[in-house]
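S.K.: Handing you this structure, nothing more for now.
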Amino acid sequence: AVYAVQPLAGGSGATSFAVNLAWEIANAGKSAPTVCLIDLDLQTGSVATYLDLARTEKVYELLSNTAVMDRDFFMNTLQTFNDKLKVLTSAADMLPLDMITPDDIERVIAMARANFDVVIIDMPGTVVQWTETVLNEAHAYYATMELDMRSAQNALRLIRALKAEDLPLDKLRYVLNRAPKFTDLSGKARAKRMAESLDIEFELMLPDGTAQVTHANDHGLPLAEIAPKNPLLKEIRKLAQSITAANRDENRAAA
């Protein structure tokens with residue numbers, strides 16, 4: 001199963017969401033799925049920072065030679081976090097977003113799917129020519145946003161762009177980060193109005209993870225390792241459990 005995460009506004013928590021979702025799925029009990037986390041934000045990707053992994057030249061070699069990529073080449077490029085999570089970080093240097101083609105992305109995703117149960121892809125905030133490729137390959141495409149005007153406008157732009165190209169809008173899952181608390185009635189009313197005006201539904205309402213999120217990211221650790229009772233982590237864990245259950249059901253059906 002492939003799940004992609006794309007921010008609809010800077011600082012909307014997409015990479016934190018992707019990293020912690022991948023870690024929670026990889027830790028979902030004894031029969032946890034094998035997970036590969038791929039950072040496709042070629043210019044400002046932070047997955048390596050958030051998991052304290054090195055950015056190596058191998059990533060550039062892989063992305064510039066996907067036509068000759070085999071399983072060993074791919075697996076040797078991945079790094080391992082805490083023995084449970086395999087990660088393809090962004091490269092050591094900033095790369096042009098058009099350096100890779102839709103064919104390159106197809107090959108990388110196909111290789112990841114062949115070797116792992118679940119693939120999480122952290123996307124750049126920009127829509128590029130291979131965004132369509134990832135959208136078509138993904139089971140669900142999470143778009144993170146906040147309760148502000150820029151997020152609403154960017155969501156509208158993305159919806160228009162996908163409609164113009166006749167792309168599968170039904171795969172989009174809108175994630176409202178730093179959502180209003182249960183007692184914040186005016187905030188909840190604003191969120192409802194925002195969803196209605198965009199004609200969307202918020203699949204996930206993530207609470208504010210507070211400074212603990214920044215603290216975890218700066219120390220290169222998932223939230224579970226720093227703040228196991230964080231309210232944001234609890235919501236991400238629920239999603240991870242539902243993805244794990246779906247994966248288990250698919251495997252049973254396939255067997």
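S.K.: Could you figure out which of (1) open to solvent by 20 Å² or more (accessible area, probe 1.4 Å); (2) not in a helix (DSSP H, G or I) isn't true of GLN212?
M.R.: For GLN212, the exception is condition (2).
S.K.: Filtering segment 136-166 down to residues that are aliphatic (A, V, I, L, M) and without any contact (Cβ under 8 Å) to a residue 12 or more places away in the chain, which residue is least open to solvent (accessible area, probe 1.4 Å)?
M.R.: Across segment 136-166, the extreme among qualifying residues is ALA164.
S.K.: Determine whether segment 194-208 contains at least one residue that is closer than 30 Å to ALA54 by Cα and open to solvent by 20 Å² or more (accessible area, probe 1.4 Å).
M.R.: Yes, segment 194-208 contains a residue that is closer than 30 Å to ALA54 by Cα and open to solvent by 20 Å² or more (accessible area, probe 1.4 Å).
S.K.: Answer yes if at least one residue in segment 228-248 is basic (Lys, Arg) and either in contact with a strand residue (DSSP E or B) (Cβ under 8 Å, 6 or more places away or on another chain) or at positive phi (or both), and no otherwise.
M.R.: Taking every residue of segment 228-248 in turn, none turns out to be basic (Lys, Arg) and either in contact with a strand residue (DSSP E or B) (Cβ under 8 Å, 6 or more places away or on another chain) or at positive phi (or both).
S.K.: Being at pLDDT 95 or above, open to solvent by 60 Å² or more (accessible area, probe 1.4 Å) and within 21 Å of ILE236 (Cα to Cα) narrows it down to one residue among ASP52, ASP39; which is it?
M.R.: ASP52
S.K.: From THR89, THR80, THR133, which residue is loosely packed, with under 13 Cβ neighbours inside 10 Å, modelled with pLDDT of 95 or more and under 18 Å from the mean Cα position of the chain (by Cα)?
M.R.: THR80
S.K.: Still on this structure, I have one more. Residues of segment 209-255 being at pLDDT below 95 and acidic (Asp, Glu), which ones?
M.R.: ASP249, GLU250, listed by residue number.
S.K.: Restricting to segment 92-110, count the residues that are of a type in the set (A, V, I, L, M, F, W, C) and over 18 Å from the mean Cα position of the chain (by Cα).
M.R.: Total meeting the criteria: 5.
S.K.: Out of everything in segment 200-238 that is charged (D, E, K, R) and in contact (Cβ under 8 Å) with a residue 40 or more places away in the chain, what residue ends up being farthest from ALA140 (Cα to Cα)?
M.R.: That would be ARG237.
S.K.: What's the number of the only condition in (1) closer than 15 Å to ILE200 by Cα; (2) open to solvent by less than 80 Å² (accessible area, probe 1.4 Å); (3) of a type outside the set (Lys, Arg) that MET111 fails to meet?
M.R.: Going through the list (1) closer than 15 Å to ILE200 by Cα; (2) open to solvent by less than 80 Å² (accessible area, probe 1.4 Å); (3) of a type outside the set (Lys, Arg), MET111 breaks only (1).
S.K.: If GLY220 passes every condition in (1) in a helix (DSSP H, G or I); (2) open to solvent by less than 20 Å² (accessible area, probe 1.4 Å) but one, which one does it miss?
M.R.: If we test GLY220 against (1) in a helix (DSSP H, G or I); (2) open to solvent by less than 20 Å² (accessible area, probe 1.4 Å), just (1) comes out false.
S.K.: Of everything in segment 167-190 that's touching a strand residue (DSSP E or B) at 6+ places or on another chain (Cβ under 6 Å) and in contact (Cβ under 8 Å) with a residue 40 or more places away in the chain, which residue is most open to solvent (accessible area, probe 1.4 Å)?
M.R.: So, considering only residues that are touching a strand residue (DSSP E or B) at 6+ places or on another chain (Cβ under 6 Å) and in contact (Cβ under 8 Å) with a residue 40 or more places away in the chain, the one most open to solvent (accessible area, probe 1.4 Å) is ASN177.
S.K.: If we scan segment 57-70, do we find a residue that is within 23 Å of PRO7 (Cα to Cα), open to solvent by 50 Å² or more (accessible area, probe 1.4 Å) and not in a loop (DSSP other than H, G, I, E, B)?
M.R.: no
The values are calculated or read from the model by the stated rules, or taken from the named source; none is laboratory data. Computed from a predicted model, the values in this text were never measured in an experiment. Backbone-built Cβ (ideal geometry, glycine too); neighbour counts: all protein chains shown. Calculation scope for accessible area: heavy atoms of the full protein, side chains included, ligands and nucleic acids excluded. Shrake-Rupley method; radii C 1.70, N 1.55, O 1.52, S 1.80 Å.
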